Amino acid sequence: MNPYVLAILLSSLGLGTTLTFASSHWLLAWMGLEINTLAITPLMAQHHHPRAVEATTKYFLTQATAAAMILFASTTNAWVTGEWSINDLSNPVASTMFVAALALKIGLAPVHFWMPEVLQGLDLLTGLILSTWQKLAPFALIVQTAQTIDPLLLTLLGATSTLVGGWGGLNQTQLRKVLAYSSIAHMGWMIIVIQYAPQLTLIALGTYIIMTSATFLTLKMSLATKISTLATTWSKSPVLASTTALVLLSLGGLPPLTGFMPKWMILQELAKQDLPLIATTMALTALISLYFYLRLCYAMTLTVSPNTTNSSTPWRTQTTQASLPLALFVVSTLGLLPITPAILMLTA
């Protein structure tokens, strides 16, 4: 892609998210979300592959549907209350419609079906943008309106997402689909605690972005898109294979890695709110997710690739990717747990 065009598209992505962050008016927030969608569409279709075009079409249609629902919800709310302010979402019908639209935008269960299909059709870097940056603007709106939304609806969305995210990833052989289900599960963790402690949602979102970036960049470095290719990583680059395994375990939430921190704090908050049943359910769904991360680690580090593998095995990892972002994200993914007290103090 032409570097000038790429610069314009990436600037538009930043502009759309910033607009939504800074807006207090529904139409401005909606405009930011639309700029975001229109900016990422050419990035998704840049390879002119049938799968990429199909993924772009699916993504565009779901995002356009969600945007139309947001516009309809905000118009309904303005009609009833006479207010266009984001903080004044007092009409229950508009509020429910708005949550459904944002759930569709970020891929929460039960409106998650587009997410694995779209991510599977993209290359790893565009998939990284879709899994991280594209979540920021909708989350900004959810955080602003969380107190006006029905708590039962948020709890149901969160619990269903963690369950579907864990269950859906069990049978996958494609790494991008595994990461899509992992994203759905993580979104569920963030949504379930947003009504009690929004700062924990932001911590969870931050750690999720760091861990997902590290995962996508390590997979891009090892040129792996499916489990059978992952099995050949060890012979090419043992250090990269070990690092990827640790990053995946962090994504699963194992101590003493960074991924344990948000899960631990969210479970603690749910227990404080006298919700032991929901906390137990969330912990059990985290175990289901952990299984498929362990499966990837097993394929990568504890098995030798069979001689009849269909994927070609380059003996050295050849890449033009800059290794500094990868190193920074990996270090953050593996070592931030000890600073948990400092993070808690800053968000208190």
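State all residues of segment 21-37 that are over 18 Å from the mean Cα position of the chain (by Cα) and surrounded by 16 or more Cβ atoms within 10 Å (Cβ to Cβ); if no residue qualifies, say none.
Within segment 21-37, 23, 26, 29, 30, 31, 32, 34, 35 qualify.
Can you tell me which residues in segment 237-274 are more than 30 Å from residue 302 (Cβ to Cβ), in contact (Cβ under 8 Å) with a residue 12 or more places away in the chain and not in a helix (DSSP H, G or I)?
273
Looking at 206, 188, 166 in this structure, which one is at pLDDT 90 or above and out of contact with any helix residue (DSSP H, G or I) (no Cβ under 6 Å at 6 or more places or on another chain)? Show your work before the answer.
Numbers: 188 fails: out of contact with any helix residue (DSSP H, G or I) (no Cβ under 6 Å at 6 or more places or on another chain); 166 fails: out of contact with any helix residue (DSSP H, G or I) (no Cβ under 6 Å at 6 or more places or on another chain).
It is 206.
Given the structure, is residue 229 within 16 Å of the chain's Cα centre (by Cα) and touching a residue at least 40 places away in the same chain (Cβ under 8 Å)?
Working: within 16 Å of the chain's Cα centre (by Cα): no; touching a residue at least 40 places away in the same chain (Cβ under 8 Å): yes.
No, not satisfied.
Rundown of residues vs (1) surrounded by fewer than 22 Cβ atoms within 10 Å (Cβ to Cβ); (2) at positive phi; (3) at pLDDT below 90; (4) not assigned by the TED database to the domain that holds residue 189, yes/no style:
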site: 49; (1), (2), (3), (4): yes, no, yes, yes
site: 57; (1), (2), (3), (4): yes, no, no, yes
site: 70; (1), (2), (3), (4): no, no, no, yes
site: 83; (1), (2), (3), (4): yes, no, yes, yes
site: 93; (1), (2), (3), (4): yes, no, no, yes
site: 97; (1), (2), (3), (4): yes, no, no, yes
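Could you check, for segment 173-181, whether at least one of its residues is in contact with a Lys or Arg (Cβ under 6 Å, 6 or more places away or on another chain) and open to solvent by 10 Å² or more (accessible area, probe 1.4 Å)?
yes
Does residue 223 satisfy being without any contact (Cβ under 8 Å) to a residue 40 or more places away in the chain, of a type in the set (A, V, I, L, M, F, W, C), over 13 Å from residue 330 (Cβ atoms) and not in a helix (DSSP H, G or I)? So that I can check it myself, show each step before the final result.
Details: without any contact (Cβ under 8 Å) to a residue 40 or more places away in the chain: no; of a type in the set (A, V, I, L, M, F, W, C): yes; over 13 Å from residue 330 (Cβ atoms): yes; not in a helix (DSSP H, G or I): yes.
So residue 223 fails the test.
If I go through segment 231-251 residue by residue, how many of them are modelled with pLDDT of 85 or more and buried (at least 24 other Cβ atoms within 10 Å of the Cβ)? Walk me through it before giving the result.
Step one: list which residues in segment 231-251 are modelled with pLDDT of 85 or more, which gives 239-251.
Then drop every residue that is not buried (at least 24 other Cβ atoms within 10 Å of the Cβ), which leaves 244, 247-248, 250-251.
Within segment 231-251, residues that are modelled with pLDDT of 85 or more and buried (at least 24 other Cβ atoms within 10 Å of the Cβ) number 5.
What is the residue count in segment 1-44 for residues that are of a type in the set (Gly, Ala, Ser), more than 14 Å from residue 133 (Cα to Cα) and part of a helix (DSSP H, G or I)? So that I can check it myself, show each step before the final result.
Our first condition is that a residue be of a type in the set (Gly, Ala, Ser); within segment 1-44, this holds for 7, 11-12, 14, 16, 22-24, 29, 32, 39.
Remaining after also requiring more than 14 Å from residue 133 (Cα to Cα): 7, 22-24, 29.
Add one more test, that the residue is part of a helix (DSSP H, G or I), and what stays is 7, 22, 29.
The number of residues fulfilling the criteria is 3.
The values are calculated or read from the model by the stated rules, or taken from the named source; none is laboratory data. None of the values given here were measured: they were computed from a predicted structure. Cβ: placed from backbone, ideal geometry, glycine included. Neighbour counts: every protein chain shown. What goes into the accessible areas is simple: the full protein's heavy atoms, side chains included, and nothing from ligands, DNA or RNA. Shrake-Rupley method; radii C 1.70, N 1.55, O 1.52, S 1.80 Å.
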